[in-house]
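This report refers to the structure that appears directly beneath it.
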Amino acid sequence: MPAAATWQRPPRWWARALIAASAAVLPSSARPRYEEEFIADLYGMSGGDQARYSLGAATHCFALRNAVHTDNQHCPEGGHDMTIRAHRPLRCLLNVRHDWHTESTEDGARYLRCRRCGKDETGPVQKSTNAQVAAHAANLLGSGGAGGGGL
Amino acid sequence: MRMTIPLQLVLQVLLENPDRELYGLEIGSAAGLASGTVHPLLARMEGHGWLESRWEDIDPSIEGRPARRYYRLTAQGAQDARAALARSRSRRPHGMPLPALGQEA
């Protein structure tokens with residue numbers, strides 16, 4: 001039975017705070033993972049190295065968010081890379097106009113998704129019938145607001 | 001995936017021994033990249049299926065630190081990465097070399 005080791009130099013409070021702030025911009029599903037990963041890397045580092053590491057993580061947190069976000073946006077259809085662009089067009093950002101089209105999940109459920117920004121019309125992928133999707137699309141197009149004519 | 005210089009450096013490090021698992025900080029030091037640069041690349045590669053990652057299986061009270069996240073190229077990832085690196089080398093003007101590993105890119 002190995003003897004309990006002494007703990008390596010733990011991260012300073014400000015390094016932890018910087019890492020927590022960097023992780024806060026990540027999607028909630030990825031936040032704990034990256035926070036724990038960064039904190040684990042900080043163990044045993046000198047104060048200067050901790051500062052460099054945590055500042056590096058803070059300055060690139062939006063790049064990491066884009067990478068994580070983009071990775072969650074892979075489309076299962078077609079077997080080819082349909083990665084949604086990380087930089088969303090202004091009209092998508094403002095939620096003024098999306099380019100909706102119908103997609104299906106691996107188990108056959110249909111949903112609407114913007115070709116440009118990857119937004120799902122009903123939030124996370126939801127199961128709905130073809131008729132529901134068609135009715136929803138007609139509703140969107142009829143209202144003239146969010147419909148982008150992608151259907 | 002766009003084959004940027006940092007991505008090529010990270011791939012070089014991972015391809016040196018594709019079966020070896022490395023953690024983010026280790027990959028960054030070997031490639032000469034800052035931690036902030038490395039993790040978005042790793043996330044992107046993981047999303048593309050080139051990398052797989054897992055938490056280190058240790059007892060933190062024995063090691064004196066929390067578990068690290070280890071990364072390793074998948075079989076398909078190693079194959080795709082080699083092909084992508086070869087393509088980007090052929091596009092580099094006059095066979096211009098990448099910065100040496102461990103130096104700032």
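The values are calculated or read from the model by the stated rules, or taken from the named source; none is laboratory data. Since the model is a prediction, treat every value here as computed from it, not as a measurement. Note: ideal-geometry Cβ built from the backbone for every residue, glycine included; neighbour counts use all protein chains shown. What goes into the accessible areas is simple: the full protein's heavy atoms, side chains included, and nothing from ligands, DNA or RNA. Shrake-Rupley method; radii C 1.70, N 1.55, O 1.52, S 1.80 Å.
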Report task. Please compute how much accessible surface disappears when B pairs with A, both sides summed, using a 1.4 Å probe, and round it to the nearest 100 Å². Result -> 2200 Å²
Requested in this report: Sum up the charges of everything whose Cβ sits under 11 Å from the Cβ of A:T6, counting Lys and Arg as +1 and Asp and Glu as -1, but leave A:T6 out.
Outcome: +1
Query raised in the report: Taking a point 7 angstrom from the Cα of B:R89 along the C-beta vector, which residues in region B:7-22 have backbone N less than 15 Å away?
Result: B:8-17
Query raised in the report: Which angle between 0 and 90 degrees, to the nearest 10, do you get for helix B:75-91 versus the longest principal axis of chain B when only C-alpha atoms count?
Result: 30 degrees
Report task. From largest accessible area down, sort A:F38, A:F62; use a 1.4 Å probe on the protein chains. Result -> A:F62, A:F38
Query - Net lengthening on full extension, B:S61/B:I5 (0.36 nm per residue, minus Cα-Cα) - result: 16.3 nm
Report summary line: Under the 7 Å Cα-to-Cβ spin-label approximation, A:A21 and A:R33 lie apart by a distance in nanometres of 2.5 nm
Query raised in the report: Whole-Hz Karplus ³J(HN,Hα) for region A:114-119, in order, using 6.51 cos²θ - 1.76 cosθ + 1.60 and θ = phi - 60°, x for Gly and Pro?
Result: 7, 5, 7, 10, x, 5
Query raised in the report: Can you run phi through the Karplus equation (6.51, -1.76, 1.60; θ = phi - 60°) for region B:2-19 and list ³J(HN,Hα) in whole Hz, with x for Gly and Pro?
Result: 6, 8, 6, 4, x, 5, 5, 5, 4, 5, 4, 4, 5, 7, 4, 8, x, 8
Query raised in the report: With the Cα gyration tensor of chain B giving a ≥ b ≥ c as the square roots of its eigenvalues, does the rule (a/c under 1.5 for rounded; else a/b larger than b/c for prolate; else oblate) give rounded, prolate or oblate?
Result: prolate
Query - B:M1 - accessible surface, heavy atoms, 1.4 Å probe, Å² rounded to 10 - result: 70 Å²
Query raised in the report: Which value, in Å² rounded to 10, gives the accessible area of A:L112 with a 1.4 Å probe and all protein chains present?
Result: 10 Å²
